[in-house]
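The values are calculated or read from the model by the stated rules, or taken from the named source; none is laboratory data. A quick note: this is a predicted structure, and the numbers were derived from the prediction, not measured. Virtual Cβ from ideal backbone geometry, glycine too; neighbours counted across all protein chains shown. Remember, those area values only see protein heavy atoms, side chains included, never the ligands or the DNA or RNA. Shrake-Rupley method; radii C 1.70, N 1.55, O 1.52, S 1.80 Å.
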Amino acid sequence: MMLTLTGAKAQIANEEGTMVSRVIPVEDFDLVIFGSTGDLARRKIFPGLYRRFIAGQFPQGAQIIGAARTQQDTAAFRDEMRKAIVEFAGNPGKDAAKVEEFLQRLTYVSVDARGTTGWEELHEHMREGVVHAFYFSVAPALFGDIAQRLSQYGMADDDSRIVVEKPFGRDLVSARELNATLARHFREDQIYRIDHYLGKETVQNLMAVRFANILFEPLWNAQYVDHVQITVAETVGVAGRGEYYDQSGAIRDMVQNHMMQLLCLTAMEPPYHFDPNAVRDEKLKVIRALEPLEPDDIVRGQYLAGPDGPGYVEDVEHPDSRTESFVALKVRISNWRWQGTPFYLRTGKRLRARTSEIVITFKDPPHSIFDDDGVSPANQLVIKLQPNEGMHLTMMIKEPGPGGMRLVQVPLDMSFADALGANGTDMPDAYERLIMDVIRGNQTLFMRGDEVEAAWAWTDPIISGWEQSTRSPEPYDAGSSGPEEALRLLHRDDRRWREIRP
Ligand code: NAP
């Protein structure tokens, strides 16, 4: 049984009853993608740009310049991008005429981030009087080189923007160094540190639900919220990127950035305005209010070999590795709003299902007037980020029928896929949305330098505490919900995790 918010749908639906998004074209732009022959560019950036193009968001002259070391001409690059769009842009990628039209916007320049090749040619392609944006889709070791050369070759003008990918440092010291390097050539308001979780429809909807409605905000505090769970579970292991992952682990790869952002948006105070610095000021206050973790608040795990594949240590080819492929944390926020309400975070590889969600569990009503046979009446707001973005609120209602006053818990559905029709395929992917925000000059959904540093300042002691200990990660079966100890982390507080399911 599922209740649906049909009233809400009507207000945002078109005549056919399908929710549509308004497309507002952006200013004319030249966008340079460094690392355009790489995996991220192929799978996400170019297919995403194509989808924005066919949505009508590109102005007439907008051009995209692919840049990487590979020597090739524009025709060869377009051939590669044609294949990438067909493979990764979803249904719109099947419209061959549109794909060709988009490809005409692409140029390729061979550029060496650490040499002199290509930089003058790149400069010649840049037009006067349009937005200049440079996406650094390359290894972080090259961020400083590219920033320095953009400046040296006269492309770091007053209005240009740079987009930097994760990871942004591997600890506080390296993040500070990277901030300082970029700051030599670009102002903070020109630097867009990307965290694609912030580009997800539901993450932004979390802010809309909290701050555009009166309904939840009065309850959004320790008096009414029992606890919060944030889960990012993957079914895949680390095969293929084992070398990188083993140097990083779940805390660096997921917690310091994505999960911290989700925690901040859930816990922050209402900003005075939906303005980049106002929102980021509030997120920063949350990070600064995080209590240091005790060893008992942290569970680390490593997946074991199973019928579907090798274990973690085999995947990374490092038999003695102590790097965690799973982590669960009990986090406390020391401020008025959240004193006494824990936030439980867990993330891991090779788990039972692929899912990312935030679950707000409200407290039980103070007194039950019903003989409810032990049915838990706690309301839960489930904010699902993937695979199917949406939200639902569990409510107690009367079980339909003449059989007396029996209660049943049902989800009140606010699923976007349903409202958007066709599994929500009209929804822009996080990357396409964020790149358009760069062109618009809107930094709200990007991390500010001080935010990233504060996140590392909180995470560093967790990592160094582990490095100094002699414990091994707890083993867990591939396809499970993680190690037993993670279940106990909640059991000891008389709570339990929501089941990991798609
Ligand atoms: P990748 O597949 O290894 O691609 C790296 C790109 O950098 C290639 O286009 C390569 O071009 C270019 N490159 C290397 N050295 C260069 C140089 N000296 N001058 C100019 N270009 C150079 O990496 P990726 O997976 O696309 O990742 C790119 C960035 O995104 C990284 O920071 C990564 O951490 C981040 N990221 C990636 C993903 C993902 O799903 N892939 C997800 C999140 C974040 P040539 O080979 O032609 O030299």
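Might you check whether a residue that is closer than 17 Å to residue 429 by Cα and not in a loop (DSSP other than H, G, I, E, B) occurs anywhere in the range 61-84?
Taking the range 61-84 and keeping what is closer than 17 Å to residue 429 by Cα, we get 84.
This time we only want the ones that are not in a loop (DSSP other than H, G, I, E, B), so: 84.
Within the range 61-84, one or more residues are closer than 17 Å to residue 429 by Cα and not in a loop (DSSP other than H, G, I, E, B).
Given the condition among the charged types (D, E, K, R) and open to solvent by 70 Å² or more (accessible area, probe 1.4 Å), answer yes or no: does some residue in the range 140-153 qualify? No; the residues of the range 140-153 include none that is among the charged types (D, E, K, R) and open to solvent by 70 Å² or more (accessible area, probe 1.4 Å). Among the residues of the range 406-415, are any within 29 Å of residue 250 (Cα to Cα), of a type in the set (Val, Ile, Thr) and surrounded by 14 or more Cβ atoms within 10 Å (Cβ to Cβ)? Within the range 406-415, not a single residue is within 29 Å of residue 250 (Cα to Cα), of a type in the set (Val, Ile, Thr) and surrounded by 14 or more Cβ atoms within 10 Å (Cβ to Cβ).
Out of the residues in the range 71-80 that are over 11 Å from residue 109 (Cβ atoms) and exposed (fewer than 14 other Cβ atoms within 10 Å of the Cβ), which is nearest to the ligand (Cβ to nearest atom)?
76
Scanning the range 193-225 for residues being modelled with pLDDT of 95 or more, away from the ligand (no atom under 16 Å from the Cβ) and crowded, with 19+ Cβ neighbours inside 10 Å gives a total of 2. All told, residue 208 meets the bar of being among the small types (Gly, Ala, Ser) and over 29 Å from residue 141 (Cα atoms). Inside the range 85-126, residues that are surrounded by fewer than 13 Cβ atoms within 10 Å (Cβ to Cβ) and in a helix (DSSP H, G or I) make up a count of 8.
Beta carbons closer than 8 Å, at least 6 apart along the sequence or on distinct chains, pair a first residue in the range 123-148 that is within 12 Å of the ligand (Cβ to nearest atom) with a second that is charged (D, E, K, R) and open to solvent by 30 Å² or more (accessible area, probe 1.4 Å) for 142/114; 145/114.
Yes or no: the range 262-269 includes at least one residue that is charged (D, E, K, R) and either under 23 Å from residue 323 (Cα atoms) or in contact with a Pro (Cβ under 9 Å, 6 or more places away or on another chain) (or both).
We begin by selecting, within the range 262-269, every residue charged (D, E, K, R); these are 269.
Filter once more, so that each one left must be either under 23 Å from residue 323 (Cα atoms) or in contact with a Pro (Cβ under 9 Å, 6 or more places away or on another chain) (or both): none.
Within the range 262-269, none of the residues are charged (D, E, K, R) and either under 23 Å from residue 323 (Cα atoms) or in contact with a Pro (Cβ under 9 Å, 6 or more places away or on another chain) (or both).
Note on the range 49-70: among residues that are within 16 Å of the ligand (Cβ to nearest atom) and surrounded by fewer than 23 Cβ atoms within 10 Å (Cβ to Cβ), the one that is farthest from residue 139 (Cα to Cα) is 70.
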